[in-house]
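In what follows, a structure is listed as structure tokens, so that the remarks can point back to it.
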Amino acid sequence: MSLLELKNVSKIYGDLHALDDVSMKVEKGEWVAIMGPSGSGKSTMMNIIGCMDKPSLGEVLLDGVDIARESGKNLTTIRRDKIGLIFQQFHLVGYLTAVENVMLAQYYHSIPDEKEAMEALERVGLADRARHLPSQLSGGEQQRVCVARALINHPEIVLADEPTGNLDEANESIVVELFHKLHDEGTTLIVVTHDPEVAEVAQRTLVLRDGRLVKETVNDHFTGVIHYND
Amino acid sequence: MNKKRKMYFRMITASLMRRRSRMLIALLAIAIGATILSGLVTIYYDVPRQMGAEFRNYGANMILVASEESFTLEDVDQSMSYIKQNELVGVTPYHYETVRIHELPVLAAAMDLEQVQKTSPYWNVDGDWAASDGELMIGKTIASDMQLGVGDSITVTWTPSAGDAEAETTAQNEDELILDNEMEMTITGIVETGGSEEDYVYMSLADMETLTGTVPDLDIAEVSVSASGADLENYKNAITDNVDAVNARLVKRVTASETTVLSKLQALVLLVTIIVLALTMITVATTMTAVVTERRKEIGLRKALGASDQSIRMEFLGEGLLLGGLGGILGSILGFAFAQAVSINVFSSSISFRPLLVPITIIVSVVVTGAACMIPVRSATDVDPALVLKGE
């Protein structure tokens, strides 16, 4: 059984089909990139996978549960327990320190544990910046705090929306390196990106256009073989 | 404290402490409301005392009269034991007697010359108050009619009445009538009141005793009590019921107007207090609405991280209540200063600190802030977390 499966998913706003009959699967431990131009349906798909929206049609099976049928309250619980979110604009709480921002995710999930939060920051190389406020951190550092926050509750899936969109090249490399590390540790990653360089380091790249899945590329980094499914 | 609760307080205090400039505005709104509230309530409770003191300038508000013919100083002392000593401004016993000055009959009031300054503070004395033996004051009318002035020595003559025991005894023994007792006295002051008090001469009870040769019985006693309404009525009843020789009566023109003015003033202060309370709620609600609106993104993020609506409500409510508590503490301190300033400027006297008002102000402030937060906090949970992902 796949960790995530979308079956004929559509999201319709009046005459607009933001997603149009999309089907896809993501296996446990897989690293998938989703690409597409603006308005292609990437955000809609992210919202649906991230349990922040429901499809108009179709099924979304997360760990075997059809989240399209769940109530808003249950979706909050599923999001909290199974999904780690990484945002383009980091979205750290400005008046909480780095470690407190990480603990915030723990607070809503279970029990805040400062030691564990410090270890998560250590994983992203920010242990020495733990007591700093977001305004005292660089963009790259803020994104790494965001990654630590997404990982703190050991989610089934890490969902990253343009994680390198606001970063310079050096920080982009650091974040991509972090994703490699997470992938090696068995974390399932779904990354929405505009950046082909970020997309091609994933195992698989899905391309959306006008709400439809138009292309799937399998990037086999070990064999160097690239498969295209148009 | 468990880790979850610890984190809750950590977040709330961090929000207040690290967003000082924003929260200062909210705190200021609450503190100003609490200050005016606390100040007005202090004034509300102090108005009777302050106004009572003001009204005491208009003279006594209770008189003691004899239930039969006369009464004594012991009866007055017994009567005063039914009045709280801190509320008793003064009591002046009076004995009236007809005397003659320059062969003209005038009414002399013998009294306690120290106490009369407390019960009749509106008397204007040209010269000095009579203090020692042989001194007296005369009303302005008498001074004018008899061409008398301050410093003049006069002979005060008293003629015992036909029924006077001592005079009769003297007449039988000596076989002659010794009718007049005389006493040389010095005028120390001219009494001006604009009323009937100007038709009297005033001397001490001791001088009257010397002049008449008998301990004077009392005709009346004026009592000035710093109380009004029901309290004053209770004192009156207690004296009348317990002291046989005395009937206590209230000076209606003073007590009635005092009660009317007090009730109107208190009603006004109460009304202003209620209006201030309502305004505070509106201000706090507006400020909290601004705070919530400003933090929509943060709310969206919290929801995206899995926060329940209840959890978000509790966090904002916690911030509001903490602000309310801080505003209440600040308000009770500033409120006392405000009430003190009003009291000194309006009533020219300081106000007493009421410790009970501190917890009351804090509780009211917390409750008002909590209630004012309810609407914006409710709307806080309507935020769509997807907006955060979209970066809107």
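Numbers for the structure displayed
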| item | result |
| --- | --- |
| Elements of type helices (runs of 4 or more DSSP H) contained in the range B:204-294, each with 2 or more residues being of a type in the set (Val, Ile, Thr) and assigned by TED's automatic domain parsing to the domain that holds B:ALA380 | B:252-294 |
| Residue in the range A:66-81 that is within 13 Å of chain B (Cβ to nearest Cβ), more than 18 Å from the chain's Cα centre (by Cα), surrounded by 22 or more Cβ atoms within 10 Å (Cβ to Cβ) and assigned to a helix (DSSP H, G or I) present | no |
| Conditions (1) of a type in the set (Gly, Ala, Ser); (2) farther than 23 Å from A:VAL99 by Cβ; (3) crowded, with 21+ Cβ neighbours inside 10 Å: number failed by A:ALA150 | (2) |
| Any pair with Cβ under 7 angstrom, 6 or more apart, that starts in the range B:272-300 at a residue that is more than 12 Å from chain A (Cβ to nearest Cβ) and ends at one that is in a loop (DSSP other than H, G, I, E, B) and of a type in the set (D, E, K, R) | none |
| Cβ-Cβ under 7 Å pairs, at least 6 apart or on other chains, the range B:320-344 side more than 12 Å from B:LEU24 (Cα to Cα), far side of a type in the set (Val, Ile, Thr) and outside any helix (DSSP H, G or I) | B:ALA339/B:ILE351; B:GLN340/B:ILE351; B:SER343/B:ILE351 |
| Conditions (1) part of a strand (DSSP E or B); (2) over 18 Å from B:ASP384 (Cβ atoms); (3) over 18 Å from the mean Cα position of the chain (by Cα); (4) within 14 Å of chain B (Cβ to nearest Cβ): number failed by A:ALA18 | (2) |
| Residue in the range A:92-102 that is at positive phi and surrounded by fewer than 20 Cβ atoms within 10 Å (Cβ to Cβ) present | no |
| Meets criteria (more than 23 Å from the chain's Cα centre (by Cα), part of a helix (DSSP H, G or I) and touching a residue at least 40 places away in the same chain (Cβ under 8 Å)) for B:THR361 | no |
| Candidates B:VAL346, B:VAL284, filtered to the one that is modelled with pLDDT under 85, under 27 Å from B:TYR45 (Cα atoms), touching a helix residue (DSSP H, G or I) at 6+ places or on another chain (Cβ under 9 Å) and crowded, with 22+ Cβ neighbours inside 10 Å | B:VAL284 |
| Candidates A:LEU121, A:LEU85 - the one that is surrounded by 23 or more Cβ atoms within 10 Å (Cβ to Cβ), among the aliphatic types (A, V, I, L, M) and assigned to a strand (DSSP E or B) | A:LEU85 |
| Number of positions in the range A:103-126 that are in contact (Cβ under 8 Å) with a residue 12 or more places away in the chain and away from every other protein chain (no Cβ under 11 Å) | 7 |
| The range A:82-102, residues that are more than 9 Å from every other protein chain (Cβ to nearest Cβ), over 16 Å from A:LEU189 (Cα atoms) and within 14 Å of the chain's Cα centre (by Cα) | A:PHE90 |
| Pair list, Cβ under 8 Å, 6 or more apart: the range B:19-42 residue more than 16 Å from B:THR273 (Cα to Cα), other residue among the small types (Gly, Ala, Ser) | B:ARG19/A:GLY94; B:MET23/B:SER15; B:LEU27/B:GLY327 |
| Counted residues, the range B:305-335 - those being crowded, with 21+ Cβ neighbours inside 10 Å and either in contact with a strand residue (DSSP E or B) (Cβ under 6 Å, 6 or more places away or on another chain) or away from every other protein chain (no Cβ under 12 Å) (or both) | 11 |
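The values are calculated or read from the model by the stated rules, or taken from the named source; none is laboratory data. Remember, it's a predicted structure, so these values are computed and weren't measured experimentally. Please note: Cβ atoms are built from the backbone with ideal geometry, for glycine as well, and neighbour counts cover all protein chains shown.
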